[in-house]
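Below you'll find the structure, written out as structure tokens, and then a few comments.
The values are calculated or read from the model by the stated rules, or taken from the named source; none is laboratory data. Model, not experiment: these values are computed from the prediction. When we count neighbours, we look across all protein chains shown, and the Cβ atoms used for this are built from the backbone with ideal geometry, even at glycine.
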């Protein structure tokens, strides 16, 4: 596999998710000058490039053929724009993609078959389903290589993410489950944190202190599970004394249907993903 410092990677659409992935790619070893960003405007591209530590396609190529030139000179192209823009964007990209260029798609709802059709049967295709914590080096990514992607192309896709995320290679039909369990899941934890912080404020803490208490506990709990490999059930038992405050809190959450609610939310995310792909 090529040294990542020698690769030119262009991220088309460096917004929330595309920008997070761009940060991961920088951390993987792609140089600032060779990580090229292209957004819908020169201003937003320059701003993203400054924030991420990357190059603006407009500043590098500065012509009416900015996107075409960036694509033609890339070893890897990351599709980070909104999925509904694929139909309009593909004809602007496809004619300029070199045969050996790897296309990594972040587009929810765009299957490998859809991508192959959009890019004139291009073979080096990989779908990636990351979540936003990848921006701080603590993400999860589900990788789905196309059937014609070579082993070296799979390794390259993994190398772009693995310094910032737990990378799991999955068959494409499991993408909907990944969205429910990881892709959308950071939002569940943000919502839980929000609710806990609000209740801590109601108990008399300032919002700053409440945030430190809740976020610190969430971080520590996740780190404990990750580093010890302990099952969540046994970790919970270890802090739940019979009849104690924790036991009463758990009983109240169970009575409120927390397990069913979490399952319902994950299922809703997965079902929505399925519907998007059917369109």
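Any residue at all in segment 112-127 that is within 21 Å of residue 20 (Cα to Cα) and surrounded by fewer than 23 Cβ atoms within 10 Å (Cβ to Cβ)?
For segment 112-127, residues within 21 Å of residue 20 (Cα to Cα) and surrounded by fewer than 23 Cβ atoms within 10 Å (Cβ to Cβ): absent.
Hey, can you tell me all the residues within segment 203-233 that are over 22 Å from residue 134 (Cα atoms), part of a helix (DSSP H, G or I) and in contact with a helix residue (DSSP H, G or I) (Cβ under 9 Å, 6 or more places away or on another chain)?
Correct list: 207, 209, 210, 213, 232.
When residues of segment 60-109 are filtered for being closer than 26 Å to residue 273 by Cβ, in a loop (DSSP other than H, G, I, E, B) and touching a residue at least 60 places away in the same chain (Cβ under 8 Å), how many remain?
Qualifying residue count, segment 60-109: 6.
Please tell me if residue 25 is touching a residue at least 40 places away in the same chain (Cβ under 8 Å) and part of a strand (DSSP E or B). First the steps, then the outcome.
Working: touching a residue at least 40 places away in the same chain (Cβ under 8 Å): yes; part of a strand (DSSP E or B): no.
Taking the combined requirement at face value, the residue does not satisfy it.
Among the listed residues 165, 193, 181, 185, identify the single one that is touching a helix residue (DSSP H, G or I) at 6+ places or on another chain (Cβ under 9 Å), modelled with pLDDT of 95 or more and either over 30 Å from residue 6 (Cα atoms) or not assigned by TED's automatic domain parsing to the domain that holds residue 23 (or both).
193
Quick check on segment 241-259. Is at least one of its residues in a helix (DSSP H, G or I), under 28 Å from the mean Cα position of the chain (by Cα), farther than 27 Å from residue 137 by Cα and not assigned by TED's automatic domain parsing to the domain that holds residue 106?
Here is the first cut: in segment 241-259, the ones in a helix (DSSP H, G or I) are 245-255, 258-259.
Applying the additional criterion that residues be under 28 Å from the mean Cα position of the chain (by Cα) yields 258-259.
Right, trim to farther than 27 Å from residue 137 by Cα and you get 258-259.
Add one more test, that the residue is not assigned by TED's automatic domain parsing to the domain that holds residue 106, and what stays is 258-259.
Yes, some residue in segment 241-259 is in a helix (DSSP H, G or I), under 28 Å from the mean Cα position of the chain (by Cα), farther than 27 Å from residue 137 by Cα and not assigned by TED's automatic domain parsing to the domain that holds residue 106.
Applying the selection to segment 211-236, what residues are surrounded by 11 or more Cβ atoms within 10 Å (Cβ to Cβ) and either outside the structural domain of residue 259 (by TED's automatic domain parsing) or over 25 Å from the mean Cα position of the chain (by Cα) (or both)? Full working, then the answer.
Residues of segment 211-236 that are surrounded by 11 or more Cβ atoms within 10 Å (Cβ to Cβ), as a first pass: 211-215, 217-219, 221-226, 230, 235-236.
Of everything in segment 211-236, those that are surrounded by 11 or more Cβ atoms within 10 Å (Cβ to Cβ) and either outside the structural domain of residue 259 (by TED's automatic domain parsing) or over 25 Å from the mean Cα position of the chain (by Cα) (or both) turn out to be 212, 213, 230, 235, 236.
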